[in-house]
Structure formats: C-alpha cells, structure tokens
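Rule-based calculations on the coordinates, nothing more; no lab input. As the structure is a prediction and not an experimental result, all values here were calculated from the model. Don't worry about glycine lacking a Cβ; one is built from the backbone with ideal geometry, like all the others, and counts go over all protein chains shown.
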Amino acid sequence: MNKPKTKKLLFLFRHAPYGSALAKEGIDAVLAASAYDQDLSVLFMDDGVFQLLKHQKPDDIEEKNIINILSAFTLYDIQSLFVCQESLAERGLRNTDIAIGINIVAHNTVSQLLSQQDHILSF
Amino acid sequence: MIFSLAIYATPSVQSSDSAYRFANALVAHNHTLYRIFFYHDGVYHGSQLNTPAQDEVDHTVRWQQFAKQHNVDMVICIASGLRRGILNSKEATRYEKSAHNLAEGFELSGLGQLVDAAVYSDRLVTFGH
C-alpha cells in the first residue's frame, strides 16, 4: 500500500488521571504516535484538565505521577499542547495551577482545533 | 471508505456491543474495515477463557467469526494485554507464566498498529469504556 499523506491526529483527554488506566494508556498512545512522523496535537478538556495539575501526590495510592510522563512530551517533540479554558474555570482552576507549558484556549479555538483534524483519538 | 475501529470497552458493556454492530453495518454497506484495535479494557475480548453462560453472547467467538468471514485484522495492544493477563505463548514464555490465553484470530502487537490504522484509514471510530 502506498504511503498516505501525513495526517493530523488530535489526542483528546477528557478523564481525570487515576480513576482508571485510561489517561495513562492515552499518553502511551501519544508517545507511540510521536515515532510515526504525523502532525500531532494534544487537547485536555472536561475532567482531563485534572491531569495537568501541580502538586499531585499519587505516591499515596501507589500510582506513577502523570505529570512526569506529560513533561516528557517536549522530549518527544510534541509541542502542540492545548487545554480548554472553560473546563479549567468550571472546576475553579487557574492558569497557575498547571504544571506544564501549554496553550490555554477558549471554546471557539477548541472547535477550530477539532474541525481541522483528520482523526481524533479520545481518551 | 476505509474504516478502523478502536475498542476500549470490556466485553460486558454497551459500547462493545455497539462496536460489533457498527462493524457489521460497515461491511454490509461495502466499506473496507482495515483494522480493529483493542486497547485499554477492550483487550479482554481476546481471552479464550471468556466463558459466558450458554444462553448469552460469546463476544470473543463472535469477533473471531466476524474477522474470519470478512478477513479483518484484529489486534490486541500488547502493553494493555500484558497488564490485564492477555498473553500468547511467546509472552508467557518471556514472562515465565504457566499459561497463555490469547484467542485464535487475535494478534498481540504494539500501539504502532493503532497509529498505522489512523494513517491508513479515512475514519477511525472509537468505542470507549
């Protein structure tokens, strides 16, 4: 089969980090995809914004800190990171609560971002 | 149109059933189904030890029959599978386990197969948990 054109893939995170393995396995998928030379973006919205918080202490529940893995995104050259501003506000969270460098975007930009993609992989 | 499915749902939940019905609708309408990628709790579909009651649907057998009939690639994510005890004989040997349970027709492979499915498909449809 011929090699198709580079695709725009958005990884969408909508769940809190430790209630299930979904967040962790979603991040694994992002890291795997980074090896395939595609146009990747990552968007956190709804309860997914909780993955980004500073001062997580998952050691207490014998889980790995998801921030350590998210911080590796830049090492994998994954630069297009977005978080939904309204999702933060609805949960009483501020920009200063976020542990990693990320673009904070409003709903209209989220809509644009979603509409530009070839595929959305939702976690 | 070329489709792939990503199934995160364990066999006992609604979206697992929806995925199966959607897959049947695709082939009925002459679309191409490039790959079914089982991820997260979806990997439980690949255990040949699933033993539902006789008057209940056997999700593993149902997918096996579907894949055979329509020649569809069914991949179980190896990392998700190992975490949840879905192993083929090779992995059982590697991790010194006394048994293996990957059902025939399913293949253990890496997340690259999900990315490859996205690259080669016009549509990737996710069936969440």
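Compute the signed sum of charges (Lys and Arg +1, Asp and Glu -1) over the other residues within less than 14 Å, Cβ to Cβ, of residue B:68.
Details: positive: B:62; negative: B:73, B:104, B:107.
That sum, taken over residues with Cβ under 14 Å, equals -2.
Within chain A, what's the longest stretch lacking trypsin sites (Lys or Arg not before Pro) that sit in DSSP loops with no more than 10 other Cβ atoms inside 10 Å? Could you put the intermediate results ahead of the total?
Values: sites that count: A:5, A:54, A:94.
Longest stretch, sites excluded: A:6-53.
Can you compute 3J(HN,Hα) from phi for each residue in the stretch A:64-72, using the Karplus curve 6.51 cos²θ - 1.76 cosθ + 1.60 with θ = phi - 60°, rounded to whole Hz and x for Gly and Pro?
So the Karplus estimates, Gly and Pro as x, are 7, 5, 5, 4, 4, 6, 4, 5, 6 Hz.
Got a sec? Charge dipole of the stretch B:18-129, +1 on Cβ for Lys and Arg, -1 for Asp and Glu; which of B:44, B:20, B:118 is way out at the positive end?
B:118
Given C-alpha coordinates of chain A, what is the ratio Rg to Rh with the Kirkwood estimate of Rh? Could the numbers behind the result be given before it?
On the way: Rg = 14.4 Å, Rh = 14.9 Å.
With Rg and the Kirkwood Rh in hand, the quotient comes to 0.97.
Cα axis of helix A:22-33 to longest principal axis of chain A: angle in degrees, 0 to 90, nearest 10?
In chain A, helix A:22-33 runs at an angle near 40 degrees to the longest axis.
Once you sort the root eigenvalues of the Cα gyration tensor of the stretch B:2-127 as a ≥ b ≥ c, which label holds: rounded (a/c under 1.5), prolate (a/b larger than b/c) or oblate (the other case)? Please report the intermediate quantities before stating the final value.
Numbers: a/c = 1.93, a/b = 1.30, b/c = 1.48.
Here the stretch B:2-127 falls in the oblate category.
If the reach is capped at under 28 angstrom between alpha carbons, list the lysines near residue A:57, excluding any in the same chain fewer than eight residues apart.
A:24
Each label point is 7 Å from the Cα along the Cα-to-Cβ direction; what then is the distance between the points at residue B:97 and residue B:123, in nm?
3.5
Once each part is reduced to its C-alpha centroid, what is the distance from the stretch A:2-51 to the stretch B:42-80 in angstrom?
Between the Cα centres of the stretch A:2-51 and the stretch B:42-80 lies a distance of 26 Å.
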